[in-house]
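Worksheet: the structure to be examined is printed underneath.
FYI, it's all coordinate maths here, none of it is from the lab. Fair warning: this is a prediction, and the values are worked out from it, not measured in the lab. Cβ placement follows ideal geometry from the backbone for every residue including glycine, while neighbour counts extend to all protein chains displayed.
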Amino acid sequence: MKMHRTVIKSLPLFETMSDADLDGLLAQATPRRVAQGEAVFKQGETATSFFLLLSGRLKVTQVTGDGQQIIVRVVHPGELFGFAKALARPDYPGTAMAVTDSMTLAWPSCLWSDFIGRTPLLAARTMQTLGRQLDEAHTRIREMSTQESERRVAHAILRLSGKAGRQEEAGIQIGFPISRRDIAEMTGTTLHTVSRILSAWNTQGLVEVGRQKIIIRDIPGLARLAEGKPE
């Protein structure tokens with residue numbers, strides 16, 4: 001399957017690159033369709049490639065030493081993932097699973113230096129992307145260390161609405177299937193606690209919760225909860 005440069009030209013990471021540089025990147029890339037529920041790679045596997053998500057959504061999970069599974073990141077279209085080379089490690093630290101049918105581009109890990117060296121601006125933007133992801137990881141660690149469950153859940157849903165929310169008549173719906181268990185794994189809490197919190201918010205009119213569906217009906221109210229300012 002051959003990709004035309006227009007597929008990535010519109011993405012912020014590549015929008016200023018020349019056609020020649022884009023063609024050079026795509027000549028080294030391998031496109032892959034990933035069905036919902038399929039893994040792009042698994043935790044502990046040798047990191048042979050790094051990836052760009054073109055469409056769909058992925059969740060990156062890790063299994064901790066005590067056997068607990070946590071969601072460390074949701075990958076959205078236009079984002080890089082699986083860049084173990086940039087972290088100076090030989091294996092993937094987590095499992096990337098498609099939560100909807102997705103399309104990726106993959107480059108061999110040995111080409112990471114060439115990838116970020118295509119243009120100074122691409123290198124700068126790639127580093128900014130990695131920096132934002134690291135900052136978000138630190139924020140989530142801080143939340144899990146210092147905040148009660150309700151605030152952590154509110155922060156997680158607000159982040160998802162900002163990245164993947166779509167406006168509907170009833171409110172802002174998170175634009176991919178997401179379960180209570182997913183929210184629990186994102187926030188380091190239990191399924192029972194997340195179910196209790198979402199049920200209470202549903203009654204209060206803050207959210208509307210269905211099977212693998214969350215619609216946010218009151219963004220300001222949820223933001224106040226996230227900041228520890230209850231109604």
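Laid out as a table, the results:
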read-out: From the coordinates shown, mean projected area of the Cα convex hull in nm² corresponds to which of (i) 11.5; (ii) 19.0; (iii) 13.4; value: (iii)
read-out: Computed over the range 169-231: relative contact order in percent, which uses C-alpha pairs under 8 Å that are six or more apart; value: 34
read-out: Share of Cα-Cα pairs in the range 1-68 lying beyond 19 Å, as whole percent; value: 48
read-out: The range 78-111 residues near the modelled Met127 label - backbone nitrogen below 16 Å, point 7 Å along Cα→Cβ; value: 86-88
read-out: Selected from Ile174, Ile141, Ile216 as most flexible by GNM, with the chain as the system and alpha-carbon contacts under 10 Å; value: Ile141
read-out: Asp21/Ile141 FRET efficiency (R0 41 Å; Cβ-Cβ; nearest 0.05); value: 0.65
read-out: Backbone HN-Hα couplings from phi across the range 130-140 [Karplus 6.51/-1.76/1.60, Hz, Gly and Pro as x]; value: 5, x, 5, 5, 5, 5, 5, 4, 5, 4, 5
read-out: Alpha-carbon centroids, the range 34-98 and the range 158-174: separation in whole Å; value: 24
read-out: Viscosity 0.692 mPa s, temperature 37 °C, Stokes-Einstein D of the range 95-216 from Kirkwood C-alpha radius, µm²/s; value: 197
read-out: Extension gain, Arg224 back to Glu45 (0.36 nm per residue minus Cα-Cα distance, nm); value: 60.3 nm
read-out: Value of relative contact order over the range 24-93, rounded to a whole percent, pairs C-alpha under 8 Å and six or more apart; value: 35
read-out: In nm, spacing of pseudo-spin labels at Gln212 and Ala88 (7 Å Cα→C-beta vector); value: 4.1
read-out: Contact order relative to length of the chain, as percent, for alpha carbon pairs under 8 angstrom and 6 or more apart; value: 18
read-out: Within straight-line cross-link reach of Lys9, lysines at Cα separation under 23 Å, skipping those fewer than 8 residues along the same chain; value: Lys163
